[in-house]
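Here is the structure we will look at, set down as structure tokens.
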Amino acid sequence: MPTYKAPVEDVQFLLNDVFRMERYSNLPGFADASPDVVEAVLGEAAKLCEEVLQPLNRVGDLEGCIRHDDGRVTTPKGFKDAVNAFAQGGWIGLAADPEYGGQGLPYTLAAVVNEFSSSANMALAMYPGLTMGAIAALHTHGSPEQKALYLPKMIAGEWTGTMNLTEPHCGTDLGLIKTKAVPQPDGSYKITGTKIFISAGEHDITSNIIHLVLARIEGAPEGVKGISLFVVPKVKVAADGSLGDRNGVACGSIEHKMGLHGNATCVMNYDEATGWLIGQENRGLAAMFVMMNEARLGVAIQGLAQSEVAYQNAAAYAKDRIQGRSLTGAKATDKPADPIIVHPDVRRTLLQIRAFNEAARALVLYTALKSDVAHRGGDEKERQQADDWLGLLTPVLKGVLTDVGFDNAVRAQQMFGGHGYIAEWGMEQFVRDARIAMIYEGANGIQALDLVGRKLPKDGGRAVMGFFNEVGTYLKEKGEDPALAPFCKPLGGALQHLQQATMWFMNNAMARPDNAGAGSVDYMHLFGLVAMGYMWVRIVEAAAAKKAAGEGDAAVLDAKLVTARFFMERMLPETAAHLARISAGSDAIMAMPAEAF
Ligand SMILES: Cc1cc2nc3c(=O)[nH]c(=O)nc-3n(C[C@H](O)[C@H](O)[C@H](O)COP(=O)(O)OP(=O)(O)OC[C@H]3O[C@@H](n4cnc5c(N)ncnc54)[C@H](O)[C@@H]3O)c2cc1C
């Protein structure tokens, strides 16, 4: 059976030593997040995830969700109590506005808890996770009355939230949405249509479910410019917050799917359901983007989370499983064979996963800190720079962390040989669960297009220039430091590859957009490698300083330095291959007629 231990010490090292979170103490909520408070918060979150959520991971996979004839959906045994324990611990409202019952702590801490809970039980963590996204959208775009009505209950975890975009004929292309909204004399709307694949659309965990639904008001313009966002509660809510009649929304069926069995993926039928407009008419996509951006980071974290838990189990297995002898002579002479951890290829595989996990965690936390600055900062220029980073890195994180997260789940499964293919070891569940993160919240190909087509040219390239400037300045300042030079040099080369690829798009993709489409996934991964390389250099800087000061656990710090070296020698060189593929353009890809495929 798989086990999980939340990486609390690694998070503390990143927050305290690498990013020095105390420097953000002028931001609202950060003064309350002193290192001892953070330690206590992380310790409590780890306990809940390890002891309550993780033991239910396999239960959820085996039992799945059940839809009854009357449309009710029951979740796997133990899920209801565990989600309620999560809510009662205040975890849903950790970073939410105190005016509505939240604790107002940094979003960065919520991102950490998201990683722990998604490693422990991804399907379960999505019930509160989607609620947090819906809270963010309502908080940003809801009217004061809507916020007062819904937010306190959602933040307390009494009601959950969902996002309803997808319809049978439209997923990526939301301009095709057909669900219609008809205005009523009392200011509400009647919503009619079918939404599919709605995560947590129906369940038995809470007394109400607050659906955020994209629909088209009668007579609205065609395409994405005619979409509005509505709040549609499963059970109607009176002005005093009490529950009234059932609304006209029901779960028609649930999907039987590859993984994520503990989360109900529902077809939701809206039949003249009463809904209320959130924000302005026809500006629904912009409003929903608050939830989608939050969800994209959340999904990126799912990729990391599956990679982390898969790594932990693979590393433990590799130290235990004995097969063959070391190439340099027997190591476990008291045993008939050596543990497989002695074999270079096993170590290579484990290090490849670990070098990704530690850099990806750093990148998630650094981006979460930027998100806190963007949303809470006082200085306008700092806010703008942080927002630029967040916008630019969100598709990179979503695409790269979930693509590699899945690959790593497979790599970790490989460490078990045939046993990895057998269900009881739990490794094949990680593979199945990790797969969806590459698809939902915008398939990864779409993330890459968002990066190249929207985020690069936005504001005249200000965000990407800001990224180049931040990494370039760091390299200039630290590149001569003997402890850092061996790491700065390869990063400098990789940064040049990224800059060359960016220039190539500027020169070759404006007139021929297929060149952008053909190279976008390579560009996204090239970007991810450079961003993770930057994280590794910053980790090395902090680890070397700690070591020199005689602080910290020397073995842990040495492991950081070795893993950083592995990343620079064996993973970062991939940037050259990405650049070569991008510069090849789209000719070979587009030459073949569609009927020849
Ligand atoms: C388990 C699960 C849970 C989900 N949860 C939710 C949820 O809670 N709420 C919700 O609204 N939706 C949800 N979804 C839907 C999910 O977000 C969509 O499946 C996803 O966005 C892709 O849409 P699609 O399936 O229609 O694929 P399509 O849009 O048909 O895409 C098919 C393929 O074509 C590619 N493609 C499409 N257009 C382009 C283009 N212009 N350029 C290049 N490539 C392109 C895509 O990358 C993809 O690989 C969920 C799906 C699943 C399976």
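The values are calculated or read from the model by the stated rules, or taken from the named source; none is laboratory data. Keep in mind the model is a prediction, meaning the values are calculated, not measured. We place every Cβ from the backbone using ideal geometry, glycine too, and count neighbours over all the protein chains shown. To get the accessible areas, we keep the full protein, side chains included, count just its heavy atoms, and leave off ligands, DNA and RNA. Shrake-Rupley method; radii C 1.70, N 1.55, O 1.52, S 1.80 Å.
Summary of computed values
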{"read-out": "Three-way shape label, region 60-183, alpha-carbon gyration tensor, a/c 1.5", "value": "oblate"}
{"read-out": "Region 373-430-region 522-597 distance, computed between alpha-carbon centres (Å)", "value": "14"}
{"read-out": "Alpha carbon centroid spacing (whole Å) that separates region 2-30 from region 118-190", "value": "30"}
{"read-out": "Sequence of 353, 436 when ordered by accessible area, the most exposed leading, probe 1.4 angstrom", "value": "436, 353"}
{"read-out": "Cβ-Cβ FRET estimate between residue 594 and residue 9, R0 fixed at 56 Å, reported to 0.05", "value": "0.60"}
{"read-out": "Simple spin-label estimate for residue 320 and residue 257 in nanometres, 7 Å along Cα-Cβ", "value": "3.1"}
{"read-out": "Qualifying lysines (Cα of each under 24 Å from Cα of residue 476; at least 8 residues distant if same chain)", "value": "370, 381, 489, 546, 547, 560"}
{"read-out": "Two-site label geometry, residue 328 and residue 158: point separation in nm, points 7 Å out along Cα→Cβ", "value": "6.4"}
{"read-out": "Nearest-ten-degree value, helix 485-508 long axis tilted from longest Cα axis of the chain", "value": "50"}
{"read-out": "Aspartates and glutamates whose Cα lies under 20 Å from that of residue 236, excluding same-chain neighbours fewer than 8 positions away", "value": "70, 145, 158, 186, 202, 204, 245, 271, 272"}
{"read-out": "Solvent-accessible area per residue, Å², over region 205-312 with all protein chains present [probe radius 1.4 Å]", "value": "35"}
{"read-out": "Taking the C-alpha atoms of region 294-342, convex hull volume expressed per residue in Å³", "value": "66"}
{"read-out": "Rounded accessible area per residue of region 319-396, 1.4 Å, Å²", "value": "46"}
{"read-out": "On Cα atoms only, tilt of 574-583 relative to the major axis of the chain in degrees", "value": "60"}
{"read-out": "Estimated inter-spin distance, residue 458 and residue 184, nm [label 7 Å along Cα→Cβ]", "value": "3.7"}
{"read-out": "Normalised alpha carbon radius of gyration of region 270-351 [divisor 2.2 N^0.38 Å]", "value": "2.16"}
{"read-out": "Highest to lowest packing among 307-314, 552-559, 525-532, 205-212, scored as the average C-beta count within 10 Å", "value": "307-314, 525-532, 205-212, 552-559"}
{"read-out": "Region 342-428, relative contact order in percent, only Cα pairs under 8 angstrom and at least six apart counted", "value": "24"}
{"read-out": "About the Cα centre, charge dipole magnitude for region 500-587 (Lys/Arg +1, Asp/Glu -1 at Cβ), debye", "value": "120"}
{"read-out": "Sparse-neighbour loop sites [GluC sites (Glu not before Pro); region 503-593; at most 11 other C-beta within 10 Å; DSSP]", "value": "551"}
{"read-out": "Over the chain, relative contact order from alpha-carbon pairs under 8 Å, at least 6 apart, %", "value": "13"}
{"read-out": "Point-charge dipole on Cβ atoms (K/R +1, D/E -1) for the chain, about Cα centre, debye to 20", "value": "960"}
{"read-out": "Gained length - residue 348 relative to residue 499, 0.36 nm times residue gap less alpha-carbon distance", "value": "51.4 nm"}
{"read-out": "Largest-first ellipsoid semi-axes for the chain, taking √(5λ) over the Cα gyration tensor eigenvalues, angstrom", "value": "39, 29, 25"}
{"read-out": "Karplus-derived HN-Hα couplings along region 73-81 (A = 6.51, B = -1.76, C = 1.60, θ = phi - 60°), whole Hz, x at Gly and Pro", "value": "10, 9, 8, x, 3, x, 5, 4, 5"}
{"read-out": "Tensor-based shape of region 407-562 (alpha-carbon gyration tensor, a/c under 1.5 rounded, otherwise prolate or oblate)", "value": "oblate"}
{"read-out": "Ellipticity estimate at 222 nm from DSSP helix runs (n ≥ 4, -39,500 (n - 2.57)) divided over the chain, nearest 500", "value": "-17500 deg cm²/dmol"}
{"read-out": "Using θ = phi - 60° and Karplus 6.51 cos²θ - 1.76 cosθ + 1.60, couplings along region 131-139 (whole Hz; Gly, Pro as x)", "value": "4, 4, x, 5, 4, 4, 5, 5, 5"}
{"read-out": "Cα gyration tensor, region 1-104 - rounded (a/c under 1.5), prolate or oblate", "value": "oblate"}
{"read-out": "Accessible surface, region 517-597, averaged per residue in Å² (probe 1.4 Å)", "value": "45"}
{"read-out": "Distance cut-off 16 Å, percentage of C-alpha pairs in region 438-478 lying past it", "value": "51"}
{"read-out": "Dipole magnitude of region 129-280, debye to nearest 20 (Cβ charges: Lys/Arg +1, Asp/Glu -1, about Cα centre)", "value": "160"}
{"read-out": "Percent RCO, i.e. relative contact order, over region 194-293, from Cα pairs under 8 Å lying at least 6 residues apart", "value": "36"}
{"read-out": "Eligible lysines near residue 77 by straight Cα distance, threshold 22 Å, same-chain separation 8 or greater", "value": "47, 257"}
{"read-out": "Rounded percent of accessible protein surface that carbon and sulfur make up, the chain, 1.4 Å probe", "value": "54"}
